[in-house]
Amino acid sequence: KAGVTQTPRYLIKTRGQQVTLSCSPISGHRSVSWYQQTPGQGLQFLFEYFSETQRNKGNFPGRFSGRQFSNSRSEMNVSTLELGDSALYLCASSLESGFHEQYFGPGTRLTVT
Amino acid sequence: AQKVTQAQTEISVVEKEDVTLDCVYETRDTTYYLFWYKQPPSGELVFLIRRNSFDEQNEISGRYSWNFQKSTSSFNFTITASQVVDSAVYFCALSAYAGNNRKLIWGLGTSLAVNP
């Protein structure tokens, strides 16, 4: 079974730009969650999508948004990038909503200059 | 407030030693879940265990064991007879409601180095 895939793996953007990250979950998994990982703040939950609906949300500003498609693939968008958005963005999938056993992808390393 | 504290930032042991990683949590929710994940040097987080707040039984899986104590709000993780392959960053996490929204709150992790 293929694991969780994330594209792109690395991204360099300029402050003020916007970026879209993609996540393909394990086949059959309907829940996709997104996390931001930084050395200072550690892992922080962004949001969770299940069956195309946002089910749970962390404490990030509205510049961070997401969506999920009917095939469970998910995208995360960050608008008006700030230097502090530089981080590793992780996607995780699971069979059910609500933070059951999650399988993580390798992440997208975003650098904002 | 929901919070997870992993007081040990780094631990270094010699192979075959037992090691315990501490996790203390805070929540007002009565129904919550606790997790441990492992992040090896390769980077991808790996699920180890999920425990709900109503199940205080200790769990053992091979060399791994977990001790959940609601009285002290702790969910500690012990590796028996550690091996070099256990070297990783270990994260404890709490899933609980804040308002009408469930969140997953992570500790900052404990970096474990197992030396041969």
Test for A:Asn71: is it more than 14 Å from every other protein chain (Cβ to nearest Cβ) and in contact (Cβ under 8 Å) with a residue 40 or more places away in the chain: no
Qualifying positions in segment A:89-113 - assigned to a loop (DSSP other than H, G, I, E, B) and either under 12 Å from A:Val4 (Cα atoms) or modelled with pLDDT of 95 or more (or both): A:Gln102, A:Gly105, A:Pro106, A:Gly107, A:Thr113
Condition met for A:Ser51 (away from chain B (no Cβ under 14 Å), small (Gly, Ala, Ser) and either open to solvent by 50 Å² or more (accessible area, probe 1.4 Å) or free of Cβ contacts under 8 Å to residues at least 60 places away in the same chain (or both)): yes
Residue check, B:Lys70 within 20 Å of A:Phe45 (Cβ to Cβ) and in contact with an Asp or Glu (Cβ under 9 Å, 6 or more places away or on another chain): no
Unique residue being more than 14 Å from chain A (Cβ to nearest Cβ) and of a type in the set (S, T, N, Q) when the list is B:Thr9, B:Thr110, B:Thr30: B:Thr30
Residues (open to solvent by 40 Å² or more (accessible area, probe 1.4 Å) and in a loop (DSSP other than H, G, I, E, B)) located in segment A:54-85: A:Asn59, A:Pro61, A:Gly62, A:Arg63, A:Phe69, A:Ser70, A:Asn71, A:Arg73, A:Thr80, A:Glu82
Residue in segment A:10-19 that is modelled with pLDDT under 95, within 14 Å of another protein chain (Cβ to nearest Cβ) and surrounded by fewer than 18 Cβ atoms within 10 Å (Cβ to Cβ) present: no
Matching residues, segment A:65-80, being of a type outside the set (Gly, Ala, Ser) and farther than 18 Å from A:Thr7 by Cβ: A:Thr80
Selection count where residues are closer than 18 Å to B:Tyr37 by Cβ and either without any contact (Cβ under 8 Å) to a residue 40 or more places away in the chain or not in a strand (DSSP E or B) (or both), scope segment A:5-45: 8
Pair list, Cβ under 6 Å, 6 or more apart: segment B:44-70 residue within 22 Å of B:Leu104 (Cβ to Cβ), other residue aromatic (Phe, Trp, Tyr) and open to solvent by 40 Å² or more (accessible area, probe 1.4 Å): B:Arg50/B:Tyr33; B:Asn52/B:Tyr33
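The values are calculated or read from the model by the stated rules, or taken from the named source; none is laboratory data. A quick note: this is a predicted structure, and the numbers were derived from the prediction, not measured. So basically every Cβ, Gly included, is an ideal-geometry build from the backbone, and we count neighbours across all protein chains shown. Surface areas here come from the heavy atoms of the whole protein model, side chains and all, with no ligands, DNA or RNA. Shrake-Rupley method; radii C 1.70, N 1.55, O 1.52, S 1.80 Å.
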